[in-house]
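The values are calculated or read from the model by the stated rules, or taken from the named source; none is laboratory data. These numbers were taken from a predicted model, which means no experiment stands behind them. As a convention, Cβ positions derive from the backbone with ideal geometry for all residues, glycine included, and neighbour counts pool all protein chains shown.
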Amino acid sequence: MDSLFLYRPADGYTYYSNENPVGPNAVATTADFFSWVGASARRVTGDWDGDGVDTAGTFMPGLNTVVLTNTNPSGGATAYIDDGYIWGEYE
């Protein structure tokens, strides 16, 4: 199932929905929210472990690093990193 994710810089939370509404006036309800790494990071989403559920990932440009999680925490909890990759060299 594909999920909708929205990062709000004002509060530092990532919000997600487990439904994909259809139609021009459809509205997705928020399933839950969680905190993630710093505001300068770029958010990405995908099914990183092939279980059919989209979860969060983050690219941190200053470190040339991508970190991924295979769970979507709830209640504003911190998302734990399940995997990470470094590309090239960082300073």
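Here are some notes:
- The listed residues are Leu6, Leu63, and the only one of them that is modelled with pLDDT of 70 or more, out of contact with any strand residue (DSSP E or B) (no Cβ under 6 Å at 6 or more places or on another chain) and either surrounded by 16 or more Cβ atoms within 10 Å (Cβ to Cβ) or not aromatic (Phe, Trp, Tyr) (or both) turns out to be Leu63.
- Among the residues here, Thr55 qualifies as modelled with pLDDT of 80 or more, within 13 Å of Thr14 (Cβ to Cβ) and either surrounded by 18 or more Cβ atoms within 10 Å (Cβ to Cβ) or of a type in the set (Ser, Thr, Tyr) (or both).
- Among residues of region 25-42 being modelled with pLDDT of 75 or more and part of a loop (DSSP other than H, G, I, E, B), the one that is surrounded by the most Cβ atoms within 10 Å (Cβ to Cβ) is Ala41.
- Filter result for Thr71 (at pLDDT 75 or above and surrounded by 16 or more Cβ atoms within 10 Å (Cβ to Cβ)): no
- Scanning region 39-49 turns up at least one residue that is acidic (Asp, Glu) and farther than 18 Å from Leu4 by Cβ.
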